[in-house]
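We did not get these values from a lab; they are worked out from the coordinates using the rules stated. What you are looking at is a predicted structure, and each value in this text was computed from that prediction instead of being measured. All Cβ positions, even for glycine, are placed from backbone atoms using ideal geometry, and neighbour counts span all protein chains on display.
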Amino acid sequence: MRRLVVCILVLLAGVCAAQTPLDRGRTLNEYNFPFNGHYFWNGVEYRPGTVYFNGVTYRGVSVNINAHTQELLVKQSQFAPPVAAEQSLTGWFAIDGICYVNLRYYGVKEAPAGFWISLQDGKRTVWMQRQKQFLREPGDHNGVGGIGYDDPNYRENIISYFRQKDYYYTVKRGTFKRIHPGKARRRAMIPSGIPPENNPEVWVAREIKRNNPLKGAGYELPPEWFSKNETSSERSALLAAIEQEAMIASYRNKTYEIGRKGAGEGRAKVSGVVRDVASGEALGAVLVSDRSGRNYCYTDKEGRYSLSLPTGENLLTFREYSMEDMDIHVIVNSSGELDIVMREKVTALQSAYVTAEGMADHRRAGMGIEKLSQSTITHVPSAFGEGDIIKTVLTLPGVKSVGEASSGFNVRGGSSDQNLILLDGGTIYNPGHLFGIFSAFNTDVVDDIELYKSSIPVRYGGRISSVLDIGTRSGNAERLHGSLGLGILTSHLSLEGPIIKNRTSFVLGGRTTYSDWLLRQIPRSSGYAGGNASFSDVNLGLTHRIDERNSLKLTGYWSRDGFSFRGDTTFRYSNLDIALKWTRKRDEDHTLKLTAGFDQYSNTLQRGLESDPLGSYSLSTRIREGFVRAGVEQRLGSHTISWGGDGVFYALQPGSISPLEGSAIIAKNLKPEMAQETAVYAGDLWQNEGPFSVEGGVRLSSFLALDPVKFYFTPEFRLSGKYSPLSNLSFKAGVNSMSQYIHLISNTSAISPMDTWRLAGADMLPQKGWQAAGGAYWTVFGNALDISLEAYYKRMHNCLDYKSGAVLSMNEQLSADLVRTTGRAYGVELMLRKQTGRLTGWLSYTWSRSMLKEMQDRGIETINGGDWYNAPHDKPHDLKLVGNYKFTHRYSISFNLDYSTGRPVTIPVGQYYYGNAVRLMYSQRNAYRIPDYFRLDLALNIEPGHYLKAFTHMSATLGCYNVTGRRNAYSVFYTTSGGNDIKGYMVSVFATQIPYLSLNLKF
Amino acid sequence: MKKSALTYLVLLLLNSCIYPFSVEKGDAEFSDIVVSGDILIGEQSRIQLGYVFPVGTFPTEMRRDFPTGSLTIENEDGGRWRGEYQSRGLYVFDTSDAPAEGRYRLHIIINDGAEYVSEWMGVHHAPAIHNLKADCDGEYVNISMDLEGADSLWNFRWDYNQTWEYHADYYPDLMFIPGLPEKDRENPEKIYRLPTPEEDYYYCWTSAPSVEPGLASAEGQSINSVKNARVLSISCTDMRISTLYCIDVTASGISAGGRAYLQHMHDISNETGSLFSPTPSEMTGNIRCTSDPTLQAIGYIDAVCRTTARLFIGPEYYHMAYDPAQWLFYPEPDEDGMYNFDHFFGYASPVSCPDTPTKTNVKWGPKRCVDCRELKGSKNKPDWWPNDHK
């Protein structure tokens, strides 16, 4: 009997438990709450909602949620006390269409207790919970920059924020929106002074690492649950923001254990990938170092890093100037991986220009290496406001040009054809648009730019002066973005986004000019009518991540230029580059890169002489090259070994002339040139935590010219070393030798549209050169100021110059019109670079000389009698000052000051009568100089505001090129005008102030 | 408005300007000599020697000093033609009987002992000039021609000499000569009636040679002809075509080296300074110093035959919007009651001339309106001129 009673009671208890009503729970007393005056999730009002409780769905229940205790509060009537529903029985409830889910109820045991709302981006789900903290001393946290929750004005407004790149998101009443915080609000919102544990309110986000946890749970969920939660763009933006914030916060606040415990003491390798948290793009050139700063490495273009650390506790620092600093506490047990995300600095006004590597010069063994970023380029004032890579490169020490409108540049005394300009591995033969006023590269799609002036890595070859390696971006793998830029002369548009999210992305950019249209508008009386000048270019990049270790990148670049200022002559030239790159990271110590591609450069001159129709013709030249480059980088302890090989096949058409309609010109093609350039190389970088590091290598290059067959073989050597007695002081020295099997045939100072290239062969020897350099690098004022001093001496052989009256086009005996010269260049480069604070920038001064001497004795015709003469780009004094002063996050001014000695010119020194007119007799080659060059540019930069609801974001640059209006001479010339008077003239490309306005729209 | 704004914008963008740059007189010393001219087969050859002067030297200084010596034209067959010194370094050779075959060279021995010789040059036969014509495009009268080379002739050179007739704006009736009639008691006003044959200054003639040789090449073409070779362009407001204009074009064939040399000389004297202009340099000609290899001679000697063509252009293309009547006026005395006729002593009488002309009862005009000589012409009418103007 007793057993029966017990059984009945137990049964009844079970039935009672199964039928526990919703409003019979723990009664909760109301209490004061310092923040916002209440502890509710949204507001104090109870609103009708739907509750799934104990297997029963209750509708029209008056509910609210306590964000402090994470409990569902239910009221039976308006005046009844709230009851906290039993959490273990509550599956979900919905208020105002927002569903709050108890994840633990659905089996997600790792989820903190309480209710969560979900956000989805169609692929992943992130769960959010609002948590209010009870702070007994709120006033303590109301400091500068803190949330002013003692201020009644903020009580209802400031809740919390998320930040994604330049945008702020607030979460309010279950929704979120993008806002533009004013200065005061922004200051209030950014809790820089508040430790996370004291923040009175936080949003907690969790990504559940499994498929939808609710699926298959066997419990009822609200109808349209998933459809309701399909993401909107705003929700996905918030989702991303939450994720980023959570990820960033997670990285910062956690201590990561790497590797398996008990692996013993010693050193272990930590490797991983660094990505942009917003776009997912890999971040290259990020400095990764340990606490001491002596042990460091840089991420490669795929964002990969690998660093050897002692086992135990360590601090890993990640530095890139446009990204927020990231310091990660790690406990290294054994080798392992740690992927990191970094977030772009909220301040869109990037304040540093050259490189984020504040201490970079101390860490590299190599020297004479400059790195530029896209933002650097866009903030250096330039003519017409178009960000320009070449013009920015020209602000660096040791880099010069012969004038404002010149396409090429000269590095440490080398000629413009001695620079290898690579765009995603493809060679760009003419890097200028519109006579050199603009460079050929679209800064919208450019990612990183590296200029090697001295310690040229062994993987590069083919030019004897420098390498300018330009990489394009992979494109945002997360979402579609774009930008549109409007300038006075040009416009540019770019789009990027995922094709397969987080796997395949694209970037597409294009530029064009309306100078053609403008020229057509002007009247004939102006003297400029009848001409045309235009250009356009397109970049396309496709990046596909095959898996974690393999990726493919396909890039293409096409450009065309055309201009004519005399109606009968038209110039056109075009670049085409296609490259496919496969990167395979077998493990963190072993990376293989394989690139194959095709380049083409062609130019055409069309001369339709009205005065001589029989002599009308079209003259063109073309160079094509197919290339394969393979390189392996392998780390072995303190050594980083790189080895690989290149193969380039050249097919060059040095000249082709064809008649135009009605012309008597005989079509003719010069004999095509074909050759194979092959190189294998191996190098080693040795560095440890000591003060010394050494990098060296050998490159064996060979060149086989076909028809007639001629073979050249040249071993090239690279060696550089570093000694760092202090962490902020280092000394370096290096020497390298290079060879070059291709020549630019030109007798103009600047790269001309009709310049042709010729390959080395039986009658044209390859150029060879070597350079020795040394330098000291010192960082002072807490890494705020970098000081570097470099000196170099360089020799070049078999450089080409031309005989007087040389005919360079359609010349079957071209070598007979050319002369071989030897060159010497030497100089000292001083650079002061400030990268922090409101005022950033650099000051560089270069003293250098560059001279040439003819190698043959041709008697009276020998150039300068066989003595040394100035190279066309020899400008001994060169001073550059580039800076940016930031007033606020949105407003800044940029300035660029440029002074240099005038370049050498050949001018008349004598005159005589010949026939009926006075003629001029010229000096020895380049014996005189044009007046010194001076220019000051100013620009006001206005960056986008943080309007949360704005779909587009506009930035503007208002500037003035050549503020002082100085008439800088591009050249001076004399003319007799067919008479007896000799008149001197000076050509000035930009002879007055050039104001400009550039608008950029991002979306 | 839109157009002008655009124009301003474009001009601002195209503000690649050319500014005067001072030419300072150099102090370099030169030992080079200049030899200009060609060996002309079938006519007199004229070869001129000169020196090189520092840049900035006044032309008058340059014309004071010339090298002198012995100049001989030689041919491979032993023929010798010695030059006769004329003036200002000019030597004339009577090569009218020189055969148009074989090779020629110039041999120079300067009085200081330096000896120069040119390369042996074959004779280039004269091209045919066809279709010498003038076309007007509204702004310019363009004179052009076709050249047709002989068998092996692919490079051409031409020069021209232009002669034109023009007239003063008004035919004067009276002349005021303030100086001469001082003693003329019978004519105290110093006003004389015109014309007399000696004082008819209405029509004048003048001429000018070409300064630059014209150059063209048919190399690379299937035929050795040049079409529409531009000889000269004259503005439609140029006085040269106001009455009667004549151009005599003389064309010759030259060597490829000679054309390249002259083209280079032209380019470095007139075509430098643009963005893509070649760096100027001195080109060596075909004359070398045999006595001192370090000395050089500037110039290129070719042996050529020449041909000539003539073209007259009437006033049909001339349209000068100029009203000389605005310069005629009744003189007024100055503050001192004096008449300043220093620059105005021509007179035009469109209707009638008073019996007793005075300074104030007739209209007077500036001399350049009534005296054609004021415009650098002369009354020396060529004997072959086809009209009867005096």
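First obtain the Kirkwood hydrodynamic radius of the range A:857-1003 from its Cα pairs, then insert it into the Stokes-Einstein equation at 25 °C and 0.890 mPa s, and state the resulting D in µm² per second as a whole number. Rounded to a whole number, D works out at 127 µm²/s.
If a spin label sat at a point 7 angstrom from the Cα of B:HIS319 along the line to its beta carbon, no backbone N atom of the range B:242-271 would be nearer than 13 Å. Label sites at A:ASN532 and A:TYR31, each approximated as a point 7 angstrom past Cα along Cα to Cβ, lie 8.1 nm apart.
Translational diffusion coefficient of the range B:220-299 (Stokes-Einstein, Kirkwood radius from Cα pairs, 4 °C, 1.567 mPa s): 77 µm²/s. The alpha-carbon positions of the range A:793-938 define a convex hull whose volume is 187 Å³ per residue. With 0.36 nm allotted per residue and the present C-alpha distance subtracted, the B:ASP97-B:TYR330 stretch has 77.5 nm of extension available. Full extension of the chain segment joining A:PHE934 with A:ASP516 gains 147.5 nm, where the gain is 0.36 nm per residue of separation less the Cα-Cα distance.
Translational D (Stokes-Einstein, µm²/s) of the range A:698-849 at 10 °C and 1.306 mPa s when Rh comes from the Kirkwood sum over C-alpha pairs? Using the Kirkwood radius from Cα pairs, D works out to 85 µm²/s.
Using 1/(1 + (r/R0)^6) with R0 = 25 angstrom and r between the beta carbons of A:ASN688 and A:GLN634, what's the FRET efficiency to the nearest 0.05?
E between A:ASN688 and A:GLN634, to the nearest 0.05, is 0.90.
Put a dot 7 Å past the Cα of B:GLN44, heading toward its Cβ, do the same for A:SER564, and the two dots end up 4.8 nm apart. Per-residue Karplus couplings for the range A:880-887, computed as 6.51 cos²θ - 1.76 cosθ + 1.60 with θ equal to phi - 60°, are listed in order as 10, 10, 10, x, 9, 10, 9, 6 Hz, Gly and Pro entered as x. Whole-Hz Karplus values for the range B:82-93 come out as 8, x, 9, 6, 9, 6, 6, x, 8, 10, 10, 10 Hz, taken residue by residue from phi with 6.51 cos²θ - 1.76 cosθ + 1.60 and θ = phi - 60°; glycine and proline positions read x. Summing charges over all other residues whose Cβ lies under 14 Å from the Cβ of A:GLY761, with Lys and Arg as +1 and Asp and Glu as -1, gives -1.
The simple spin-label model puts a point 7 Å past each Cα toward its Cβ; for B:ALA208 and B:ARG368 those points are separated by 1.5 nm.
Ordered by the count of other Cβ atoms within 10 Å of each Cβ, fewest first, A:ARG890, B:ARG240 give A:ARG890, B:ARG240.
For A:THR992, neighbours were defined as the other residues whose beta-carbon sits under 15 Å from its Cβ, and their charges (Lys and Arg +1, Asp and Glu -1) total +1.
A convex hull fitted to the Cα coordinates of the range A:558-610 yields 68 cubic angstrom per residue. Here B:ARG310, A:ARG459 are placed in order of increasing Cβ neighbour count within 10 Å, fewest first, which gives B:ARG310, A:ARG459. Counts of other chain beta carbons within 10 angstrom of each beta carbon in peptide A:799-806 average 4. For a Förster distance of 22 Å, can you work out the FRET efficiency between the beta-carbons of A:ALA784 and A:LEU830, rounded to the nearest 0.05? Working from the Cβ atoms, E equals 0.80. Averaged over the residues of B:219-229, the number of partner chain Cβ atoms lying within 10 Å of the residue Cβ comes to 6.
In angstrom, the C-alpha Rg and Dmax of the range B:80-157 are 18.7, 57.
Each of A:TYR985, A:TYR928 was scored by other Cβ atoms within 10 Å of its Cβ. Arranged with the fewest first, they read A:TYR928, A:TYR985.
From the gyration tensor of the Cα coordinates in the range A:388-486, what semi-axes in whole Å does the equivalent ellipsoid have, largest first, with each one equal to sqrt(5λ)? Each step should come with its number before you reach the end.
On the way: eigenvalues 120, 62, 22 Å².
Semi-axes (√(5λ), whole Å): 24, 18, 11.
Using the alpha carbons alone, the radius of gyration of the range A:647-748 stands to its Kirkwood radius in an Rg to Rh ratio of 1.28. Considering the range A:650-710, its Cα convex hull presents a mean projected area of 7.7 nm².
Using a Förster distance of 41 angstrom, determine the FRET efficiency expected from the C-beta separation of A:ASN669 and B:GLU76, and round it to 0.05.
Working: r = 39 Å, r/R0 = 0.94.
Here the calculated transfer efficiency is 0.60.
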